[in-house]
Amino acid sequence: MVNPTPMILIGLRAAGKTTLGRELADGLQIRFQDLDDLALTESGAASVAEVFVESGEPAWRQAEQQAFAFWLASPSAVLACGGGAPCIPEIRNLMHSSGACVVYLHAGVDALVARRERQDHDRPALFGAGGLREEVVRTYAERDAIFRDLAHHIVEVDVQGAKDSLASLRRIFKEECSEGRPAT
């Protein structure tokens, strides 16, 4: 029996990691997991905002790290990674050594701001006061090079749109992941 090589989706908040990952997995009838959900289970909290407010960002990053290690022990075919998780050196090292196909869902600042304005009001601000655009610009500047370094593929989600981005992910999965690796 052969398990598919896992695909890890990375990108900034609101890039579409969970939505596209779930759609990809559903369409291919493979397993999907979201690192945020795994980290929430690990932390025992009801929301990411709750962890940030009650315990701070370091506690959330620790929960992400533990959840990622748990996921690696029995990886699903597709993992949507939290936006900040690839910035944790331990997770980055695990991604490099995991054999997974890492795909950066890239969107520009304007697209990310527009998406964030429509969603995720339950997510904590990463840098306190200063406004959404400033947060997105700062986060993009801090993380884009890290994501590009980790990625085997980059999908331009704001240029392609949802339908074409999903088609790109299907193609990448079929070419790089469906052959899989021997089941352990």
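The values are calculated or read from the model by the stated rules, or taken from the named source; none is laboratory data. Worth saying up front: this structure is predicted, and the values here are computed from it rather than measured. Quick reminder, even Gly has a Cβ in these numbers, built from the backbone with ideal geometry, and neighbours come from all protein chains shown.
Just a yes or no: is a residue in segment 60-81 over 19 Å from ILE8 (Cβ atoms), of a type in the set (S, T, N, Q) and touching a residue at least 40 places away in the same chain (Cβ under 8 Å)? Among the residues of segment 60-81, not one is over 19 Å from ILE8 (Cβ atoms), of a type in the set (S, T, N, Q) and touching a residue at least 40 places away in the same chain (Cβ under 8 Å), which makes the answer no.
Residues in segment 89-104 that are touching a Lys or Arg at 6+ places or on another chain (Cβ under 8 Å) and surrounded by 18 or more Cβ atoms within 10 Å (Cβ to Cβ): 1 in all. Mind listing just one residue for me: the one in segment 141-159 that is part of a helix (DSSP H, G or I) and within 14 Å of the chain's Cα centre (by Cα) and, of those, surrounded by the fewest Cβ atoms within 10 Å (Cβ to Cβ)? Ranking the candidates gives ARG148 first. Being surrounded by 15 or more Cβ atoms within 10 Å (Cβ to Cβ), of a type in the set (A, V, I, L, M) and at pLDDT below 90: is that true of VAL48 here? Yes: the conditions hold for VAL48.
In this structure, does LEU12 turn out to be at pLDDT 95 or above and either surrounded by fewer than 18 Cβ atoms within 10 Å (Cβ to Cβ) or under 30 Å from GLY131 (Cβ atoms) (or both)? Spelling it out, LEU12 is indeed at pLDDT 95 or above and either surrounded by fewer than 18 Cβ atoms within 10 Å (Cβ to Cβ) or under 30 Å from GLY131 (Cβ atoms) (or both).
Can you say whether LEU24 is modelled with pLDDT of 95 or more, over 28 Å from ARG133 (Cβ atoms) and among the aliphatic types (A, V, I, L, M), as far as the supplied structure shows? So LEU24 passes the test. Here GLN66 does not fit the description of being farther than 30 Å from ARG133 by Cβ, in contact with a Phe, Trp or Tyr (Cβ under 7 Å, 6 or more places away or on another chain) and among the polar types (S, T, N, Q).
Of the residues ALA39, ALA73, ALA63, the single one that is crowded, with 23+ Cβ neighbours inside 10 Å and more than 21 Å from GLN119 (Cα to Cα) is ALA63. The residues on offer are ASP26, ASP37, and the sole one that is without any contact (Cβ under 8 Å) to a residue 24 or more places away in the chain, closer than 22 Å to SER165 by Cα and over 11 Å from the mean Cα position of the chain (by Cα) is ASP26. Applying the criterion of being closer than 23 Å to ARG115 by Cα and among the β-branched types (Val, Ile, Thr) to the residues of segment 15-36, the residue that is surrounded by the most Cβ atoms within 10 Å (Cβ to Cβ) is THR18. The residues in segment 96-133 that are modelled with pLDDT of 90 or more and under 24 Å from ALA45 (Cβ atoms) can be counted, and the count is 0.
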